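The values are calculated or read from the model by the stated rules, or taken from the named source; none is laboratory data. None of these values were measured; they are calculated from a predicted model. Methodologically, a virtual Cβ is constructed for each residue, glycine included, from the backbone with ideal geometry; neighbour enumeration extends over all protein chains shown. Accessible surface areas use protein heavy atoms only, side chains included; no ligands, DNA or RNA. Shrake-Rupley method; radii C 1.70, N 1.55, O 1.52, S 1.80 Å.
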Amino acid sequence: PPVRFPWYRVPERGGQCGFALSRKTAKPCVWTGLDRSGTRATTLEAFLTQAPTASPRYGLWAGLLILAGLACRFWFVASGQLNLVQDEAQYWDWTRHLQLTYYSKGPLIAWIIKAGTLVAGNTELGVRLGSILGAAAFQALLYLAPARLWQRPDLGFWAVAVTASSPLFLALGIL
């Protein structure tokens, strides 16, 4: 079923659109935008939840974009062009004696790095493997949220494309 948006015409606000506390006194708010087929959408809900008319394979393109970013991050870290920073070395040191808590962080970061070093050894790739896979998982969730919740895979693809081209996200996907 489509997602329901609580936008209603509220009589107390002079008939303006807003969030109504009760559906009894409010009428659905008319949205004056155009839907994807070029006709006038009748409600905000119809405008946001209408599926695109043409269906290029947004899921395929988003998956390829995520895999390309994953491959580039993996190559960059495996090539050894960037040494560990002080915090990463400290977190790696924690993995030699796992505990339930540390003085400045919880245990999850040490457990993730320990899992990476078990797979890729005590290397820079092993220490950063959790970050690389976490960035790819975040982008996959970023695609799936609008694609599944609102049935709008085009929005999911563009969200992935924006993060894939963001320099801050690219840098944080490695460190």
Rounded to the nearest 10 Å², what accessible area does residue 143 show when all protein chains are kept and the probe is 1.4 Å?
-> 30
How many angstrom lie between the C-alpha centres of the range 128-174 and the range 58-108?
-> 16
Which value, in Å² and to the nearest 10, is the accessible area of residue 75 when all protein chains are kept and the probe is 1.4 Å?
-> 150
Each residue of the range 84-98 in turn: what ³J(HN,Hα) in whole Hz from Karplus with 6.51, -1.76, 1.60 and θ = phi - 60°, glycine and Pro shown as x?
-> 5, 7, 4, 5, 5, 5, 5, 5, 5, 4, 4, 5, 6, 9, 5
Under the 7 Å Cα-to-Cβ spin-label approximation, residue 119 and residue 103 lie apart by a distance in nanometres of 3.1
Taking the square root of 5λ for each eigenvalue of the C-alpha gyration tensor of the range 74-147, the equivalent ellipsoid has semi-axes, largest first and in whole angstrom, of 23, 17, 10
Could you work out how far apart the two model spin labels at residue 57 and residue 137 are, taking each label as a point 7 Å from the Cα in the direction of the beta carbon, and quote it in nm?
-> 2.7
